[in-house]
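Working notes, structure below.
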Amino acid sequence: MKILIVDDSKAMRAIVKRALSASPTYGAADMVEAEDGEQALGLITAEAPDVVLSDWNMPNMTGIELLEALAASGSTPPFGFVTSESTPEMYDRAMANGASFLVSKPFTPETLAAALDGAL
Amino acid sequence: MTQNIDVDVRQIVHDIVTTVLGFPIEDATDPGTSDGVLVTGCVHLTGGFDGSVTVECAEQLARRATAAMFLLDDDEEISESDLRDVVGELANMTGGNVKAAVGAERLSLPSVTAGPGARITVPGTELVDRLAFRCEGESLVVSVLARPVSGAAANGQAAQAVADR
């Protein structure tokens, strides 16, 4: 399994990786990282991840812009948001564009794993 | 008139520090006026609520937080870039949770400054709340700032509230 983690914060990418590593289901996954939506778009083409975990607010291309670009291309891998600023409007917009979940920061490893379980 | 907020910022900070850093955290009563080195992160909220959230970490706390986030040993060097990233992310998480609670529409990317007594001031805002904590024996102070609502805007809001009744 390959998981793409998209966040402009290196620290947050480390936290997501560590949370996934604690999971018996996802601990052995190959984890790829991107710093923003633009970089992620290229990696999705090159690496074909099984799931994308993305922050919402990032420079260059935000997470929602990434998801909208994928939706427009007609090829969206399983996709979820890991974000500090979840609101009902953001949730609705994410789901309307094909996201499977939105996990709020801070999160526990169990919460993140459960979200992935529901998406995959 | 200053925008009022009904947000439990203390609980937000407690949740972030305990969940993300794994550090115990205690409420403190006095933010103090430390001239020591601070690492301060700031995010801005706009749309529905216009204001800012700042997170001031004593440098040693910022270093310990960085070591915890990156699983560094005590003798491993901590880069300035990683230090700022961590404090920026703490500000991002705090501000993001405040954003969701106050109904703001947009959250900025964080900005971070560091140095002796390095605090961030945001012109045009007023202090709504300033909360002090002790974490790993060091100071952590979180502030919420809000742009005052103009008299015309306040009157418009009051008129709409009457019309809605």
Legend entry - Spin-label pair B:Thr46/A:Thr45, simplified geometry with 7 Å Cα→Cβ offset, distance in nm: 3.2
Legend entry - Total formal charge among the other residues, if their Cβ is under 9 angstrom from that of B:Arg64, Lys/Arg +1 and Asp/Glu -1: -1
Inset, instruction - Quickly estimate the mean residue ellipticity at 222 nm for the protein assembly as shown, helices only: each DSSP H run with n ≥ 4 gives -39500 (n - 2.57), and the total goes over all residues, rounded to 500. - result: -12000 deg cm²/dmol
Inset, instruction - Mind checking the full-extension length gain between A:Thr25 and A:Ala71? Use 0.36 nm per residue of separation minus the Cα-Cα distance, one decimal, nm. - result: 13.8 nm
Legend entry - Shape call, the stretch B:64-158: gyration tensor on alpha carbons, a/c limit 1.5: prolate
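No lab work stands behind these numbers, since they all come straight from the coordinates. Owing to the predicted nature of the structure, the values given are computational and were not obtained by experimental measurement. Here the Cβ is made from the backbone with ideal geometry for all residues, glycine too, and neighbour counts use every protein chain on show.
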